[in-house]
Amino acid sequence: MKVPVSKDLFIINTAAFLRSFTFGLMGVVLGIYLFRAGLSSFNIGMVVAVGLVGSALATIGVTTKADRAGRRRTLVALSLLGAIGALALAFTPAIPVLLAMAFVGMLNGTGTDRSAAFSLEQAIIPGLVPDTSRTWGLAWYNVVLDAAGSLGALAAALPLLLQRWLALPLFASYRTVFFGCAFLGVVGAILYSSASARVEGPKSAMEALPHHISPATKKVVTKLAGLFSLDAFGGGFLTDALVAYWFFRRFGIAEETLGVLFFAVHLLNAASHLGAAWLARRIGLVNTMVFTHLPSSLFLVAAAFAPSLKVAVILFLCREALVEMDVPTRQSYVAAVVLPNERTFASGIANLARNIFWAVGSSAAGFLMQNVAFSAPLVLGGGAKISYDLLLYRAFRNLKPPEEQSP
């Protein structure tokens, strides 16, 4: 389906592309870089978790303040703060300082964009396209994110390539790349500052306080947030940084090969968003979310027991071809079941719940890898996601968005 393109939509997607590129790169190299820097599995998990906690708190700010403070101003601030996360890795200070900078800079080791800016953009895009194009507009937005993430994953080879091409020490090569990521954050801030007033929320939303949200919306959003928390808890075990670290330690795969693998992963994710929008028009948003996400989790659990690298990669790619099909459909569903002036609140709460429990899962994953079983996060993460799918279908199969209701 054709989606009307405006200057603001172009700016949002371009800035999101730059941000997602850095996240895709970080998702592959973060765990390996910190391991090379001497951090334990537990500390690697803590760095990832603290970055997600920072992102969660930023999402609280977006949820409660962004519409009144100004969406453009908020996006600019988030981009500049995000640059601090990359600088934290470039300087690699002692653990306490590294954790503090990772927190302030919302360092993202998930490999995918689930930031506070991502939450706010989900509220902006439905207002820039007609309702009939809402799911497709969000699907294309997620295609942009995953295409950028795939290129970022491919760029994970840059530290080793710079080491060879420029005869730089390995850590100097890494720092050069991290400085580049910080620069992209500044460019993103400049882009956001040039958006028009159309990206701002409705006047009623800008004047409203969170407690003015309708009781019906609060009930639906609370239930969705609870379910998304379970899904995100499972996802925290499975951030790209930790999965790349798992492949690196279990099968000895270097950053260059991992970059190619995660490039393919993000391409599959990108293609799946369009497939999700197509499928949702035929079987509905909730059915698309559940019937694609459930088998992806089964593939993941199977990958934990793979006897060889080849089998593990095949199962992992099968998982990635399906796992993101619930993303644009979930975003569209949340936007559809609330009023337009409640979208920032709904998107913020949904993403806040996810970010908090991603952080919990990430910190637990490092502990489990080090003290229980190295593949335990894949099994537990997949199990949590299966439970989420079953509960989501049971709770929301009868609550239809407007476009799916009979006349």
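Worth pointing out:
- Here is how the number arises for the chain: DSSP H runs of 4 or more residues each give -39500 (n - 2.57), the sum is divided by the residue count, and the result at 222 nm is -26500 deg cm²/dmol.
- Over 31 Å (Cα to Cα) - which of LYS7/LYS65; LYS219/LYS385; LYS7/LYS223; LYS7/LYS218; LYS7/LYS385; LYS65/LYS400 fall in this group: LYS7/LYS223; LYS7/LYS218; LYS7/LYS385
- Using every pair of separate Cα atoms, the Kirkwood estimate puts the hydrodynamic radius of the stretch 103-199 at 15.8 angstrom.
- Extension gain for PHE10-ASN371 works out to 125.3 nm (0.36 nm per residue, less the C-alpha to C-alpha distance).
- Projecting the Cα positions of GLY381, GLN370, ALA353 onto the charge dipole of the stretch 261-407 (unit charges on Cβ atoms of Lys, Arg, Asp and Glu, taken about the Cα centre) puts GLY381 furthest along the positive direction.
- Gained length - LYS310 relative to PHE183, 0.36 nm times residue gap less alpha-carbon distance: 42.0 nm
- Directionally averaged projected area (convex hull, Cα atoms, the stretch 297-351), nm²: 4.5
- For ALA395, net neighbour charge (Lys/Arg +1, Asp/Glu -1) across residues whose Cβ lies under 12 Å away: +3
- Neighbour net charge for LYS65 - beta-carbon separation under 12 angstrom, K R +1, D E -1: +2
- Between the stretch 363-378 and the stretch 1-50, the Cα center-to-center distance that results, in Å: 22
- Placing a label point 7 Å from the Cα of ILE190 along the Cα-to-Cβ direction, the residues of the stretch 76-91 with a backbone N closer than 14 Å are 80.
- Enclosing the Cα atoms of the chain in their convex hull gives a volume equal to 124 cubic angstrom per residue.
- Between the stretch 117-134 and the stretch 218-240, the Cα center-to-center distance that results, in Å: 21
Values quoted throughout were computed directly from the atomic coordinates according to the rules given, and no laboratory measurement underlies them. All of these numbers come straight from a predicted model, not from anything done at the bench. FYI the Cβ positions are ideal-geometry reconstructions off the backbone, even for glycines, and counts take in every protein chain you see.
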